[in-house]
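**Q** Have a look at the structure that comes next, please.
The values are calculated or read from the model by the stated rules, or taken from the named source; none is laboratory data. What you are looking at is a predicted structure, and each value in this text was computed from that prediction instead of being measured. Cβ sites come from the backbone with ideal geometry, for glycine too, and all protein chains shown count toward neighbours. All accessible areas refer to the heavy atoms of the entire protein, side chains included, with ligands and DNA or RNA removed. Shrake-Rupley method; radii C 1.70, N 1.55, O 1.52, S 1.80 Å.
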Amino acid sequence: MNYSILSSMIQSGINGAKKAKSISRGGASSTNTEGSAKPKTHILRIGVHVDRHNRWLDRRLRGVKKDDLVVLEYGGNYCNFDWAAISSNPDIDHRPLLSFGQFREFYANAITKCQAIGARVALLTLPTLLPQRYFDLVSRNLNRDNLKQWMGGDVCSLSRWNEQYNEEILSLAAQYQVPVIDINPSFLRHHFLEDCYSDDGMRPNNIGHTVIAELVADWERRH
């Protein structure tokens, strides 16, 4: 398979694939597997810098051609909160950095742009959140009791909140009639699930990205 890697978030996982040759070009990485043929598979991370999102997306799509597969990956950062504000005042309403409406708008925009090119589109789910590890990170130097109060006393509510974004992905896939590549079964089958994540409990590390890379490659071979 011929990969064009347009997201540093997944770069290390793809580059860890066997028999892969990595070529760096201006911060983007392209990995070509020997004997692979076109069309290419592009993996684009959605959700970087809200105000620059459309320009970023248009720039990344310049290399996408008809019948290429574009796998859209949403980074978890924007279902984050202003934890310092919550720590200071847990009794008021606090909204995520990216609302469900904005999330859908970003994703729908990316899907329609890819389809206009004639590319095939697939959506990646968000990885399961490790709530305690994530809480331990975001609560550093903050009032942990206030944060837990806002969460209803249960840090696992963070996982339930995060999972709502996956529900939006499934809804978008049905609306635009595009497939979903669910990464979570592969993560959950991993014998050492926590080894797949960075210290924040949200972002996959090199091991996690390798799991994702292998899953996408296997999905592409079967489709």
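**Q** For region 103-208, what is the accessible area per residue in Å² when the probe is 1.4 Å? Walk me through the intermediate numbers first.
**A** Numbers: 5220 Å² over 106 residues.
Result: 49 Å² of accessible area for each residue.
**Q** Could you please state how large a percent of the accessible area of region 56-198 is carbon and sulfur, counting protein chains only and using a 1.4 Å probe? Each step should come with its number before you reach the end.
**A** On the way: 3420 of 7050 Å².
Carbon-and-sulfur percentage of accessible area, whole number: 49.
**Q** Okay, moving on. Find the all-direction average of the projected area of the Cα convex hull for region 58-125, expressing the result in square nanometres with one decimal place.
**A** Working: hull surface 21.8 nm².
Mean projected area for region 58-125: 5.5 nm², to one decimal.
**Q** What is the set of long-range amide H partners of residue 74 at a cut-off below 5 Å, with H atoms built 1.01 Å from backbone N?
**A** HN-HN under 5 Å from residue 74: 46, 124.
**Q** Go through region 63-72 residue by residue and turn each phi into a ³J(HN,Hα) via Karplus (6.51, -1.76, 1.60, θ = phi - 60°); whole Hz please, and just put x for glycine and proline.
**A** For region 63-72, the Karplus-derived couplings read x, 8, 10, 4, 6, 5, 9, 10, 9, 8 Hz, x marking Gly and Pro.
**Q** Once ligands and nucleic acids are excluded and a 1.4 Å probe is used, how much of residue 223 is accessible, expressed in Å² to the nearest 10?
**A** Roughly 110 Å² of residue 223 is accessible to a 1.4 Å probe.
**Q** Please give me, ordered by residue number, the chymotrypsin sites (Phe, Trp or Tyr not before Pro) of region 185-223 that lie in loop per DSSP and have at most 11 other Cβ atoms within 10 Å. Walk me through the intermediate numbers first.
**A** Working: sites: 187, 192, 197, 219; in loops: 192.
Listed in order of number, the matching sites are 192.
**Q** Whole-Hz ³J(HN,Hα) for each residue in region 176-189, computed from phi via Karplus 6.51 cos²θ - 1.76 cosθ + 1.60 with θ = phi - 60°, x for glycine and proline: what do you get?
**A** These are the phi-based 3J(HN,Hα) values: 9, 6, 10, x, 10, 9, 8, 7, 5, x, 5, 5, 5, 7 Hz.
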